[in-house]
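The block underneath contains the structure these notes are about, expressed in structure tokens.
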Amino acid sequence: MADRTILYLPTASLSLDILSERAKATLESLGKVIWTAGDRAYSAEELPRLLPGVEAVVTSWGSPAFTPEAIAAADRLRIIGHAAGTVKHLVPEEGYRRGITVLSGAAVIADGVAEYTLWAMLSMQRDLYRYQKRMKEERGWRRSGDGWAHELYYGKVGIVAASMVGRRVIELLRPFRCEVMVYDPYLSEQAAAELGVRKVDLDELMRTSDIVSDHAPVTRETQGLLGAAQFRLMKDGALFINTARAWTLDEEALLAELRTGRIRAVLDVFDREPLAPDSSFRDLDNVLLTPHVAGSTTELRLRLVEAIAEDMARFFSGEQPRLAVSWNRLRIMA
């Protein structure tokens, strides 16, 4: 351990949010840590000169991607831990062929997104967003024509993709005894049974669900997965939630269906971000909007480097790391 060198690339200002004292202590217990001192992120061109002799690298948002030149310069590199979400473009195939283990903090972020998704389901089923507006903006109360809110218990919930987030949402729904359906071409019938869900085709999911929650990753197959035909299939009063990416749907088709007032939505992600001030989504009373914050909490961010550091400790102890992402798995991940 004495001669093990760990390169820590997140900037000083980002580290205020993601580096806990516990994470720092864990990293320093593994070897000599070279900390980034300032707020300027290294470029991809600068990275190769930092890597000779380094066995482990911690990256996060703003850290440079590893080019083939960087991999060639990393003569002792064994593990890269990304204290953020996607590692899709972080390490080239050369790195995987070299046997470098790649860790992703996506599992930590998935917990936060799943919690947000459950909140969205509960809030919208009870019409809390509408009552919030009524009481604070309109200074009003209940109205005789409001009707009754709905419960989540025993509802039909459709999950688009049994991804990392999708699976966590399924876990959170268990106490509510929902009928959970999943559309995911990569999910086997056996895996669906183990999750306690029913595997269905996309049209059946859209047509029969009270709530449709999109958790599909960004891949070639998922671009525009949900279009006008799918949104037209949704039941009157059904709820659509998107915490994945706008890539997976036709935003104009969703907007057109929402304008009819037939369905409702909670949207955290958009084609263009920040969402334009004049976006038509802002004018719809049946839509709850949030600014891409589903996976952002103070506690979650502080767990990111902790999770990476703990997994690096497992790796250097000869144990199987829990956050490792293989080259084959990378193809179908967000």
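The values are calculated or read from the model by the stated rules, or taken from the named source; none is laboratory data. A quick note: this is a predicted structure, and the numbers were derived from the prediction, not measured. In this analysis, Cβ positions are derived from the backbone assuming ideal geometry, glycine residues included, and neighbour counts consider all displayed protein chains.
Being in the same structural domain as Asp17 (by TED's automatic domain parsing) and among the small types (Gly, Ala, Ser): is that true of Ala246 here?
Working: in the same structural domain as Asp17 (by TED's automatic domain parsing): no; among the small types (Gly, Ala, Ser): yes.
So Ala246 fails the test.
Working only within segment 130-147, note down all residues that are part of a helix (DSSP H, G or I) and touching a helix residue (DSSP H, G or I) at 6+ places or on another chain (Cβ under 6 Å). Spell out the reasoning first.
Step one: filter segment 130-147 for residues part of a helix (DSSP H, G or I), giving 130-137.
Across segment 130-147, there are no qualifying residues.
Quick one: count up the residues across segment 1-57 that are in contact (Cβ under 8 Å) with a residue 12 or more places away in the chain, within 19 Å of Asp311 (Cα to Cα) and among the acidic types (Asp, Glu).
Final tally of qualifying residues: 1.
Within the set of pairs 6 or more residues apart or between chains, which connect a residue that is within 22 Å of Gln125 (Cα to Cα) inside segment 196-224 to a residue that is surrounded by 20 or more Cβ atoms within 10 Å (Cβ to Cβ) and charged (D, E, K, R) with Cβ atoms less than 8 Å apart?
Every condition considered, no pair remains.
Give segment 296-326 a look and list any residue that's under 13 Å from Ser104 (Cβ atoms) and either loosely packed, with under 15 Cβ neighbours inside 10 Å or small (Gly, Ala, Ser) (or both), or say none.
Ala307, Arg322, Ala324, Ser326
Mind checking which strands (runs of 3 or more DSSP E) fall wholly inside segment 1-96 and carry at least 3 residues that are outside the structural domain of Pro217 (by TED's automatic domain parsing), surrounded by fewer than 22 Cβ atoms within 10 Å (Cβ to Cβ) and at pLDDT 95 or above?
Details: elements: 5-8, 32-35, 56-59, 79-82.
In segment 1-96, the matching strands (runs of 3 or more DSSP E) lie at 32-35.
Count, please, the residues in segment 106-126 that happen to be touching a Lys or Arg at 6+ places or on another chain (Cβ under 8 Å) and farther than 30 Å from Ile263 by Cα.
First, the residues of segment 106-126 that are touching a Lys or Arg at 6+ places or on another chain (Cβ under 8 Å): 107-108, 110-111, 113-114, 124.
Next, from what is left, pick out any that are farther than 30 Å from Ile263 by Cα: 107-108.
Residues in segment 106-126 being touching a Lys or Arg at 6+ places or on another chain (Cβ under 8 Å) and farther than 30 Å from Ile263 by Cα: 2 in total.
Consider Leu205 carefully, then state whether it is closer than 20 Å to Leu288 by Cβ and of a type in the set (A, V, I, L, M, F, W, C).
On the way: closer than 20 Å to Leu288 by Cβ: no; of a type in the set (A, V, I, L, M, F, W, C): yes.
Considered against the rule, which asks whether it is closer than 20 Å to Leu288 by Cβ and of a type in the set (A, V, I, L, M, F, W, C), Leu205 comes out as no.
List the number of the failed condition for Ile159; all other conditions in (1) modelled with pLDDT of 95 or more; (2) at positive phi hold.
The number of the failed condition is (2).
Would you mind telling me which numbered condition in (1) more than 24 Å from Gly53 (Cβ to Cβ); (2) of a type outside the set (A, V, I, L, M, F, W, C); (3) in contact with a strand residue (DSSP E or B) (Cβ under 6 Å, 6 or more places away or on another chain) Gln132 fails?
Unmet for Gln132, out of (1) more than 24 Å from Gly53 (Cβ to Cβ); (2) of a type outside the set (A, V, I, L, M, F, W, C); (3) in contact with a strand residue (DSSP E or B) (Cβ under 6 Å, 6 or more places away or on another chain): (3).
Identify all residues within segment 161-176 that are in contact with a His (Cβ under 6 Å, 6 or more places away or on another chain) and outside any loop (DSSP other than H, G, I, E, B); write none if there are none. Talk me through it step by step, then tell me what you get.
Initially, segment 161-176 is screened for residues in contact with a His (Cβ under 6 Å, 6 or more places away or on another chain), giving 161, 163, 165-166.
Passing the criteria: Val165, Gly166.
Among what's in segment 2-58 and is in contact with a Leu (Cβ under 9 Å, 6 or more places away or on another chain) and of a type in the set (Ser, Thr, Tyr), pick the residue that is farthest from Leu77 (Cα to Cα).
It comes out as Ser20.
Within segment 252-266, identify whether any single residue is among the acidic types (Asp, Glu) and in a loop (DSSP other than H, G, I, E, B), and answer yes or no.
Of segment 252-266, the ones among the acidic types (Asp, Glu) are 252, 257.
From what's left, in a loop (DSSP other than H, G, I, E, B): none.
Scanning segment 252-266 turns up no residue that is among the acidic types (Asp, Glu) and in a loop (DSSP other than H, G, I, E, B).
Would you confirm, using the coordinates I've provided, whether Trp119 is modelled with pLDDT under 90, in the same structural domain as Phe240 (by TED's automatic domain parsing) and under 30 Å from Glu171 (Cβ atoms)?
Working: modelled with pLDDT under 90: no; in the same structural domain as Phe240 (by TED's automatic domain parsing): yes; under 30 Å from Glu171 (Cβ atoms): yes.
Considered against the rule, which asks whether it is modelled with pLDDT under 90, in the same structural domain as Phe240 (by TED's automatic domain parsing) and under 30 Å from Glu171 (Cβ atoms), Trp119 comes out as no.
If I ask for residues that are part of a loop (DSSP other than H, G, I, E, B), within 18 Å of Arg245 (Cβ to Cβ) and of a type in the set (A, V, I, L, M, F, W, C), which ones from segment 276-302 would you list?
Step one: filter segment 276-302 for residues part of a loop (DSSP other than H, G, I, E, B), giving 276-279, 284-286, 290-297.
Right, trim to within 18 Å of Arg245 (Cβ to Cβ) and you get 276, 279, 290-296.
Listed by number, the residues that qualify are Ala276, Val293, Ala294.
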